[in-house]
Amino acid sequence: MSPQEALSDLDGFTVEVPSWAYGNSGTRFKVFTTPGTPRDPFEKIADAAQVHALTGLSPRVSLHIPWDRVEDFDGLRAHAEELGVRIGGINSNLFQDDDYKLGSLTHVDPRVRAKAVAHHLDCVDVMRATGSTDLKLWLPDGTNYAGQDSLRGRQDRLADSLREIYAALDPGHRLLVEYKFFEPYFYTMDIPDWGTALLHCQALGERAQVVLDTGHHAPGTNIEFIVVQLLRAGRLGAFDFNSRFYADDDLMVGSADPFQLFRIMVEIVAVGAHRPESGVNFMLDQCHNIEDKVAGQVRSVLNVEQALAKALLVDTAALTAAQEAGDVIGAHDVLMDAFHTDVRGALADRREARGLPRDPMAAYRASGYAAKIAAERVGGTQAGWS
Ligand code: PSV
Ligand code: MN
C-alpha cells in the first residue's frame, strides 16, 4: 500500500476539543490572564470553531457543567452549528462544591450522594438540549488518611450512585468513566485506575465505558498496554489527551512524549479504533496556562493527527513477519521506521486538497484572530474554572 493510500484512512478521524482549554487556567500558584480570553461559552465555542476551520479535524466541543451553563442551550447548540461545529461530551463537575469535601457519589451522607447524582441528571438534560451523546464523569473522591473512611463502603456507595446515573441515560447515551491515580486526594482515590473504572462499567452495562486521560497514571506506566486491554474488553470509550512530565500537567498532547502518543496510536490502528464507527472519542483535556490557547489547541490536534498518520504507516506485513520470526530488533525497527517518517508534507498535501491551509499554525498567525478577539472582548469576566 502506498503512503497516500495508508493515509487515506485518516478520512473521518476527528478530535474533540474541550471548552475549558479556551478559558483561563493555571496552577495553584497563579492564573495568568490573556487578552481575548472568552467571557462565556458562546465565545469559547467561537474559538473552538477557529481550530476546526484551520485544521478540519475538530468538529466537536466538550462542555463542562456548571462552567458552561447557559440559559438557552438550544441557542448555544445553534451557535455552534452556525460556526460549523457541534456540542460533544458533557463533563460533570464534582470537585468545586463545599458539600463534596469528604466525597460526592461516595459520600457517607445520602443527602450529599443524592445531590451529586442529581447533578448528573441535570447534565443528561443538557445532553438532550445540545444533542450530546456522551456524559463524562471524573470522580474526584478519595481519602487522605488510612482509616478516614471505609474503602469498601465507598465502593459500594459509588456503585449505587453510578447505577442511578446510568439508569437516567437515554438509549443513545453513553456514560464515560474517567480514572486518576492521585489528586485531589493522596491516600486513596475511589476510581484510581483503569481496572476499577472497568469493573464499575462492566457492572453498569454496555453503554458505560472508560476514559483514559494520558496524564492520570504513575510515571513510567505503559499506557498503550492499558489501551490494548480496554479495547479487548470493548470498553475504551474515550481519551483525554494531554502531556505530562510529572503529574497531571495538562500540557499540549505530543509535546512531552510524541513517541508515547505514537505507541498508543499503533494499538488503536491495530484494531481500526481510529475510525468513527469504533465509537472511541479522541478528546483533548488540556490547560494552556502560558501559551496562546487557540494556537495551543491547533498544535494539539495536529500532533494527534501526526501520531495517527505515523501509526498508519507501520508496515504491518513486515512487522508480523519479524514478530513471527522472533526477530526482536527487526520488529522494533519496523515500528521505529514509521515513527521517524516525516509526515508533515503529506498531511499538508491532504489539507490543501480539502481546501484547508497547508500550515494551520501559520494561517492562524496570519489571520489576525488573536488581535481581533483581544480588541473585541473587552470588559466582562474572563472564563476560567468557575
Ligand atoms: C481531572 O483532572 C480531569 O482530567 C477531568 O477530566 C476533569 O473533568 C478535567 O480534568 C477538568 O479539566
Ligand atoms: Mn481528564
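Values quoted throughout were computed directly from the atomic coordinates according to the rules given, and no laboratory measurement underlies them. In this text the structure is predicted, and so the values were computed from the model without any measurement. As a convention, Cβ positions derive from the backbone with ideal geometry for all residues, glycine included, and neighbour counts pool all protein chains shown.
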Item checked: Residue exposure sequence - Ile329, Ile373, Ile264 - by fewest surrounding Cβ within 10 Å -> Ile329, Ile373, Ile264
Check: Modelled label-to-label distance, Gln155 and Ala317, 7 Å Cα→beta-carbon offset: nm?
Finding: 4.9
Checklist line | Size-normalised alpha-carbon gyration radius of region 181-325, reference 2.2 N^0.38 Å | finding: 1.09
Check: Can you sort Phe95, Phe13 by how many other beta carbons sit within 10 Å, fewest first?
Finding: Phe95, Phe13
Checklist line | Against the rule of thumb 2.2 N^0.38 Å, how large the Cα Rg of the chain comes out | finding: 0.99
Margin query: Show me, for region 191-199, the HN-Hα J-couplings you get by feeding each phi into the Karplus relation (A = 6.51, B = -1.76, C = 1.60, θ = phi - 60°), rounded to Hz, glycine and proline as x.
Written below: 10, x, 8, 5, x, 5, 4, 5, 4
Item checked: At q = 0.20 Å⁻¹, base-10 log of I(q)/I(0) for region 143-202 (Debye sum, equal scatterers on each alpha carbon) -> -0.82
Next item on the list: Before rounding to the nearest 500, sum -39500 (n - 2.57) across all DSSP H runs of length at least 4 in the chain and divide by the residue total; then give [θ] at 222 nm in deg cm²/dmol.
Entry: -13500 deg cm²/dmol
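With a 10 Å Cβ neighbour count serving as the proxy for reagent exposure, in which order, fewest first, do Glu5, Glu291 appear?
The most exposed by this proxy come first: Glu5, Glu291.
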Checklist line | Label point distance in nm, Arg354-Arg128, each placed 7 Å from Cα along Cα→Cβ | finding: 3.5
Notebook entry, point to check: How much length is gained if the chain between Lys101 and Phe225 is pulled fully straight, taking 0.36 nm per residue apart and subtracting their Cα-Cα distance, in nm to one decimal?
Noted result: 41.3 nm
Margin query: If packing is taken as the average number of other Cβ atoms within 10 Å across a peptide's residues, how do 159-170, 126-137 rank, most packed first?
Written below: 126-137, 159-170
Margin query: For the chain, set up a GNM with springs between Cα atoms under 10 Å and report which of Arg174, Arg354, Arg244 has the largest fluctuation.
Written below: Arg354
Check: Once both labels are modelled 7 Å past Cα along the beta-carbon direction, what's the Ala270-Phe181 spacing in nm?
Finding: 2.1
Notebook entry, point to check: From the phi of every residue in region 214-231, what ³J(HN,Hα) in whole Hz does the Karplus formula 6.51 cos²θ - 1.76 cosθ + 1.60 yield, where θ is phi - 60° and glycine or proline is x?
Noted result: 5, x, 9, 10, 5, x, x, 4, 7, 6, 5, 5, 5, 4, 4, 5, 5, 5
Next item on the list: Work out the length of the dipole vector of the chain about its Cα centre, built from +1 on the beta-carbon of each Lys and Arg and -1 on the beta-carbon of each Asp and Glu, and round it to the nearest 20 debye.
Entry: 500
Check: Calculated FRET efficiency, Ser2 and Ala371, Cβ-Cβ r, R0 30 Å, to nearest 0.05?
Finding: 0.10
Margin query: How high is the relative contact order of the chain? Use alpha-carbon pairs under 8 Å, at least six apart in sequence, and give a whole percent.
Written below: 21
Check: Each residue of region 343-357 in order: what ³J(HN,Hα) in whole Hz does its phi give by Karplus 6.51 cos²θ - 1.76 cosθ + 1.60, θ = phi - 60°, with x for Gly and Pro?
Finding: 9, 4, x, 5, 6, 5, 4, 4, 5, 4, 4, 9, x, 9, x
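Evaluate the charge dipole of region 106-181 about its Cα centre and quote only its size in Debye, nearest 20, assuming +1 on the Cβ of each Lys and Arg and -1 on the Cβ of each Asp and Glu.
120
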Notebook entry, point to check: Residues with amide H under 5 Å of Phe282's amide H, sequence separation 5 or more or different chain, H placed in the peptide plane at 1.01 Å from N; which?
Noted result: Glu16, Phe239
Note to self: Suppose we keep just the alpha-carbon trace of region 119-229; what are its Rg and Dmax in angstrom?
What the structure shows: 14.6, 43
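Which value, in debye to the nearest 20, describes the size of the charge dipole of region 331-386 about its Cα centre when Lys and Arg Cβ atoms bear +1, Asp and Glu Cβ atoms bear -1, and nothing else is charged?
Taking the Cα centre of region 331-386 as origin, the dipole is about 400 debye.
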Note to self: Please list, ordered by chain and number, the residues whose modelled amide H lies under 5 Å from the amide H of Asp134; skip anything fewer than 5 residues away on the same chain.
What the structure shows: Ile90, Arg174
